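Novice: Let me begin by handing over the structure; questions about it come next.
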Amino acid sequence: MIKNYIKIAIRTLASQKVLTGINIVGLSIGLACFSLFLLYSINELSYDSFHKNANSIYRVYEWSDGIPGANPSGDAGMYMPLGPAVQHDFPDVENYVRFQSYGTKVFIKSDKTALPLRIAYTDPQLFTVFSFKLIFGDPSTALSDPGKVVITKNTAIDLFGTTNVVGKTLEIKASDKFEPFTISAVADNVPANSSINFDFLLSFDYFQSTPFGKMAVNNWSFSGFQTFVQLRRGSSLPNDPKRFSKFREKYFPAERAQLKTARLWDGKSAYPINFRLEPIEKIHTTLTINDGNPQSHIDVKNIWLLLGIATAVLLIACINFTTLSIGRSAGRAKEVGVRKVLGSARSQLIFQFLTDSLMLSIFSAIIGLMIAKLLLPYFNELADRKLSFSFSQYPQLIWSIAGIILLTGILSGSYPALVLSRFKPVEVLRKKVRLSGRNFFTNSLVTVQFVVSIALIISTIIILQQLNYMRSKNPGFNKDNVVVVDADGTNSKEIYPRFKQVLAENPQIAGITSSDVALGEEGYNMSGFKYNGKDIQAFHYATAPDYIQVTGMQLVAGRNFNPLIVSDTINSVIINEALVRNLGLTNDKAPGLRLEGYSGDKRRTPVVIGVVKDFNFFSLRQEVKPIIFNQPPDLAPSKFFVRIKPVDPTRTLAFMNNQWKKIVPDIPFKYNFLDDNLDSFYKGETRLVNIMGWAGGISIFLACLGLFGLTALSAANRAKEIGIRKVLGASVSTIIQLLSKDVVRLVLFSLVVASPLAWYFMKRWLQDYAYRIHIQWWVFVITGISTFLIAFITAGFQAIRVATANPIKSLRIE
């Protein structure tokens, strides 16, 4: 019986080649798009779930809530002795792992090459707690010695050209000089969905021998170490803040008195600072905890938004599938009548129609997955990811795609199956019933298609406008034509004056300055002082004296640093307008202000000599934060800023590279452009607008594909009517108007429904930005006109073909 159903399904699909082809193409594209979006979403939501002990691994962080003048916030940069202390004090803690990663790259030499790579320090039990696989080497002894190093598979290939390099020696410039290390193990490449990433792993035993490590050991004042704990089964520690409160009081005995003295805690309300535990699987989607790497996190709302877009595109494809299935079934009414006369039960007829739909759905899914596989490299580039269709890594893909295929086939076949199987055979054979491809149900489905498509396009335009606004808005300094030279890993205190001197001789270079951190990057230091009995916090920026001038910032009060005034390198600071407002002052009153209790250097009390106009050194999602500039005499800058004249930079960059090699021959010249640094803040929005743009285009294509099929079906059903009208003198334009008027009404109604929906959701999306655009009315008009023209051309093509056909052929039908 099933074999017979399949044969009939194949014959039926083959007899309606055009509509079947449209069905397959539409659903294949929809499933391909959905599969890619689903893969992306599963990857983002499954971060760190590959660890065998993921359910029991937590990251320790410090949460502050209730401090006057400060927003609730978390910080994952912990203290070096925290891990051992937590394991000692809490029986729930089975193990711990500390992880300290250098944000900048250091140079590593092998016998074949030298590369700048990131190193990380960790505890030997890393491979016991986490599920990072070792290809070569013993996980129990991989980091048991300070002179051992673990590298990844790709790093081994880059440095040695092969993977089995255990026992080989390389040199790492971990501090001021190159030191030899022995490779003890080679780890498999870190999975793409891992919050912990590394190229090189060194032991904490070695780190403790470095200058910073010696200061951090047993020191509860130095932070910057991520600490992970593995809890025993059934532990209540994540939900027991009282135990952590006692723990904190034990290791910070003077903190309570200090907070009371500073009037940051009244001693009666809940204590404002405590340790907490964050599940490792939540790290990637948590934005309220700072770990020094904000670009590695993603707003979970954006994931659900993209998954919603994928579902919308698939919904459009499924609507096409359903409406065209109804149309294809319209000509099978007589078949139903004959089958019923011959004794077929209604259940058999329903099963036959569902078999047709499921076969088409499965065939479309196979083609769709092949398309998705081909498009994956381009999608990875679009989404800035390294995804792969791995059912072992993402087992959720199996049941998700299988469920969609089954659901699509059943839903698309249910309506025609239930309606046709209900017909009485006598009425069917007398042609008293007819299932049209253009009725209220199908019109409603097509309307939903265009509502979703129009809403996607409007949303894409608004997001693109916001992105362009953020990129083009003046950040408060001149970001163009500035080359940022990376001086990390060098003796920059000696190199900078030499490099500046030789560059000043080039007429194409307009200026050079330096600082301890680049604009457009995270990792700023914080400084504090007291004002009117309150603790004031501000970002701290150490610069060369001509920094404000070269970067194009604007002084609005006071004066700039003067290298000829010795006190400027000791007691002078410049602040921004945001800090002035925070203090309740005006710009002209700020110069002369003394920063009492200055935490940047407690030996002195700096004096404000100038106020700089606010500039955006973070993303435009945030308002401008208070900032303090100072000009230290012993500045060892990590970044050099070189302003070049607005000409072709090729020759200037080549000159800079040559001069760098003369001064620093053993470290390559690394640079980027300042405007690129600032654009990196908006990678998430760029990915979102690119993906939504493609999704909007695909949705319109699928909607028009369905409209094309339904118009063709409508024209075929009205062939005799059109023939009679032509014989009676109807013009081509009249016929076109007759067949296209429904399209006009449909698109207009869709625009009316989609516009307020898109406006509402985009209004809420824009609330996340401190600086944002206003939604303009013309966005809706342009989208409506464009959609109307596309739909009209699609329907008009069929209308013209029918209107210009010979009426004699249509009158011979039936």
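The values are calculated or read from the model by the stated rules, or taken from the named source; none is laboratory data. Owing to the predicted nature of the structure, the values given are computational and were not obtained by experimental measurement. Glycine gets a Cβ as well: all are built from the backbone with ideal geometry, and neighbour counts include every protein chain shown. When the accessible area is computed, the model is the full protein with side chains, heavy atoms only, and any ligands, DNA or RNA have been set aside. Shrake-Rupley method; radii C 1.70, N 1.55, O 1.52, S 1.80 Å.
Novice: Keeping every protein chain in place, order VAL752, VAL106 by accessible area at 1.4 Å, biggest value first, i.e. largest first.
Specialist: Values: VAL752 105, VAL106 15 Å².
Accessible-area ranking of VAL752, VAL106, largest first: VAL752, VAL106.
Novice: Let me ask something else about it. Hey, what did segment 147-195 get for relative contact order, percent, Cα under 8 Å, at least 6 apart?
Specialist: 46
Novice: For the pairs LYS246/LYS301; LYS109/LYS386; LYS52/LYS683; LYS493/LYS670; LYS148/LYS493, flag any whose C-alpha to C-alpha distance is greater than 25 Å. Walk me through the numbers on the way to the answer.
Specialist: Details: LYS246/LYS301 36 Å; LYS109/LYS386 27 Å; LYS52/LYS683 31 Å; LYS493/LYS670 17 Å; LYS148/LYS493 31 Å.
From LYS246/LYS301; LYS109/LYS386; LYS52/LYS683; LYS493/LYS670; LYS148/LYS493, over 25 Å: LYS246/LYS301; LYS109/LYS386; LYS52/LYS683; LYS148/LYS493.
Novice: With the Cα gyration tensor of segment 74-175 in hand, give its eigenvalues times 5 under a square root as the equivalent ellipsoid semi-axes, listed largest first in whole angstrom. Working shown, then result.
Specialist: Numbers: eigenvalues 164, 56, 24 Å².
Over the Cα atoms of segment 74-175, the ellipsoid semi-axes are 29, 17, 11 Å.
Novice: Can you pull the accessible area of CYS33 for me, 1.4 Å probe, Å² to the nearest 10?
Specialist: Solvent-accessible area, nearest 10 Å²: 10 Å².
Novice: Further question on the same structure: How large is ³J(HN,Hα) for each residue in segment 763-768, as worked out from phi by the Karplus curve 6.51 cos²θ - 1.76 cosθ + 1.60 (θ = phi - 60°), to whole Hz, x for Gly and Pro?
Specialist: Computed from phi, the couplings for segment 763-768 are 4, 5, 5, 6, 5, 6 Hz.
Novice: Follow-up question, since we're still on this one. At a 1.4 Å probe radius, which order do ILE698, ILE793 fall into by accessible area, largest first?
Specialist: Details: ILE698 40, ILE793 115 Å².
The residues order as ILE793, ILE698, largest area first.
Novice: Another question about this same structure. Mind grabbing the accessible area of LYS282 for me, 1.4 Å probe, Å², rounded to tens?
Specialist: LYS282 exposes around 120 Å² with every protein chain in place.
Novice: Hey, another quick one. Per-residue counts of other Cβ atoms within 10 Å, averaged by peptide: what ranking do you get for 494-503, 216-225, highest first?
Specialist: Numbers: 494-503: 16.9, 216-225: 15.4.
In decreasing order of mean packing, 494-503, 216-225 become 494-503, 216-225.
Novice: Further question on the same structure: Over the alpha carbons of segment 264-315, what is the largest minus smallest coordinate on each principal axis, giving the biggest first in Å?
Specialist: Cα extents, longest axis first: 57, 23, 18 Å.
Novice: If ligands, DNA and RNA are left out, what is the accessible area of LEU407 with a 1.4 Å probe, given in Å² to the nearest 10?
Specialist: The value for LEU407 is about 90 Å².
Novice: Answer with one residue from GLN208, TRP220, TRP265: the one whose Cα lies farthest towards the positive end of the charge dipole of segment 192-266, charges on Cβ with Lys, Arg +1 and Asp, Glu -1.
Specialist: Going by the Cα projections, it comes out as TRP265.
Novice: Which value, to two decimals, describes the C-alpha radius of gyration of segment 30-130 once divided by 2.2 N^0.38 Å?
Specialist: 1.53
Novice: Hey, if we sort HIS540, HIS774 by accessible area with the 1.4 Å probe, largest down, what's the order?
Specialist: Details: HIS540 30, HIS774 140 Å².
Largest to smallest exposure gives the sequence HIS774, HIS540.
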